[in-house]
Amino acid sequence: MASLSLRNIKKAYGNNAPVIEGLNLEVGKGEFVVFVGPSGCGKSTLLRMIAGLEDITGGDLLIEGERANELHPSERGIAMVFQSYALYPHMTVGENMGFALRLSGMDKRAIKEAVGRAAEVLRITHLLDRKPAALSGGQRQRVAIGRAIVRQPKVFLFDEPLSNLDASLRVQMRIELARLHRELGTTMVYVTHDQVEAMTLGDRIAVFNAGKLEQVGPPIQLYREP
Ligand code: ADP
Ligand code: ADP
């Protein structure tokens, strides 16, 4: 697990007006921070900048106190889980989960062990030899999370991971995510539109609007009756 510091972060695409400006946030080691806010306010862009999938126009990103603006994504110790599961259709679940480790040059036996452990945590051991097409939405999302877990990241970034699931699966997966956070203790940054997810998962909720944070605090403080 790692702390994150976002200091005066700015993002502009080309010469357009900035989509994020003057954004400051400290995320503690092991903390679960949830971003909420209307569509188009810059939440995904912020996650992609933290992951290194998007350049930071201005300001500093610190991971464990070290400036990380220019670090390659693979060197950040961060894993991102997307809304669309982005699984490789021609690979089995086990191969999907082991793929990043294979690229990193880890030997086969170690990969198998790591994949096996992650599969147990996510209760998908029985699915390891199936292809993604043979899985339900909830199972696919578990595999996507499993693929992130095997890399043993210090930080997880979730971009609306449950929004493609039906209501009952969403509830189930929300409980699983809370359990994962308790068991792994990994720092988590989570974007959602769902107020229940935000309230039940977040140690703190950050309310995003028009490229700025309007309010940051624990759920009980944010959602208290005025
Ligand atoms: P959110 O995740 O909060 O819905 P996004 O981060 O996806 O918002 O988008 C924030 C703003 O940045 C939007 O106005 C969007 O149109 C713009 N944007 C996102 N990606 C790009 C891009 N690649 N090029 C230009 N503008 C973009
Ligand atoms: P290759 O494509 O090199 O023959 P494999 O078919 O064994 O390799 O799968 C690629 C990687 O995914 C392997 O490193 C393997 O450990 C992992 N993997 C595939 N299937 C499983 C499984 N059922 N359980 C655990 N790991 C698996």
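The values are calculated or read from the model by the stated rules, or taken from the named source; none is laboratory data. On a predicted model such as this, the values are computed, not experimentally measured, just so you know. Virtual Cβ from ideal backbone geometry, glycine too; neighbours counted across all protein chains shown. Protein only, heavy atoms only, side chains kept; ligands, DNA and RNA dropped before computing areas. Shrake-Rupley method; radii C 1.70, N 1.55, O 1.52, S 1.80 Å.
Dipole of segment 63-132 computed with +1 at Lys/Arg Cβ and -1 at Asp/Glu Cβ about the Cα centre; of 81, 115, 103, farthest Cα towards the positive end is 115.
Heavy-atom surface analysis with a 1.4 Å probe gives the chain a carbon and sulfur content of 49 percent of its accessible area. Among the chymotrypsin sites (Phe, Trp or Tyr not before Pro) in segment 137-226, those placed in a DSSP loop whose Cβ has at most 13 other Cβ atoms within 10 Å are 223. Against the chain, whose longest principal axis is taken from its Cα atoms, helix 93-103 shows a tilt of about 70°. A 1.4 Å probe run over the protein chains yields, for the chain, 49 Å² of accessible area per residue, whole-number rounding.
Helix 108-122 and the longest principal axis of the C-alpha atoms of the chain enclose an angle of approximately 70°.
Label-to-label distance for residue 53 and residue 113 is 3.0 nm, based on points extended 7 Å past Cα in the beta-carbon direction. Bridgeable aspartates and glutamates around residue 212 (alpha carbons under 12 Å apart, same-chain partners fewer than 8 residues away excluded): 21.
With no solvent and one point on each alpha carbon, what is the Debye value of log10 I(q)/I(0) for the chain at q = 0.11, 0.15, 0.16 Å⁻¹? Computed log10 I(q)/I(0) values: -0.55, -1.01, -1.13.
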